[in-house]
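This report refers to the structure that appears directly beneath it.
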Amino acid sequence: MKILLDECVDSRLASQFSEFDVQTVHDRGWSGITNGKLLALAQVEFDVFVTVDRNLTFQQNIPKFSLAVILVHCVSNRLADLVSLVPDIQRVIPSASRGTVTSVGR
């Protein structure tokens, strides 16, 4: 399963997902691309998009994308805050459905 971490997610979090193929928006050279274009690009190569951007679901029509979105609710996007939610993120990845948003965290 291929996972893309949004640029608002600390890129060091990728190392926490050893059983998945994880890349970051920065790795792909997609930094600064707006959410709609980013999701359109991501759906071609990735199965899951992980973000902490709570506005994404209000700004984009997620069902039109062939990509599962995992929205992480966390105190901040700092690595120290995100790491505690990695087990929850890993648990929902296999069952996350394309075109839907799965929330993790508080």
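The values are calculated or read from the model by the stated rules, or taken from the named source; none is laboratory data. Owing to the predicted nature of the structure, the values given are computational and were not obtained by experimental measurement. Note that each Cβ is placed from the backbone with ideal geometry, even for glycine, and that neighbours are counted across all protein chains shown. These accessible areas exclude ligands, DNA and RNA; they are computed on the full protein's heavy atoms, side chains included. Shrake-Rupley method; radii C 1.70, N 1.55, O 1.52, S 1.80 Å.
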So how far apart, in nm, are the two label points at Ser95 and Arg12 if each is 7 Å from Cα heading toward Cβ?
3.2
Using just the helices of the chain, give the 222 nm mean residue ellipticity in deg cm²/dmol: DSSP H runs with n ≥ 4 each add -39,500 (n - 2.57), and the total is spread over all residues, rounded to 500.
-7000 deg cm²/dmol
Can you compute the equivalent ellipsoid semi-axes for the chain, i.e. the square root of 5 times each eigenvalue of the Cα gyration tensor, sorted largest first and rounded to whole Å?
18, 15, 14
Residues of the chain: accessible area per residue with a 1.4 Å probe, Å²:
51
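How large a share of the accessible area of the chain, in percent, is made up of carbon and sulfur atoms when the probe is 1.4 Å and the other protein chains stay in place? Intermediate values should be presented prior to the final figure.
Numbers: 2620 of 5390 Å².
Whole-percent figure for carbon plus sulfur exposure: 49.
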The answer for Gly105, listing residues at least 5 apart or on another chain whose modeled amide H is closer than 5 Å to its amide H, is His73
Roughly how much of Thr102 is accessible, in Å² to the nearest 10, using a 1.4 Å probe?
40
Percent RCO, i.e. relative contact order, over the range 61-106, from Cα pairs under 8 Å lying at least 6 residues apart:
60
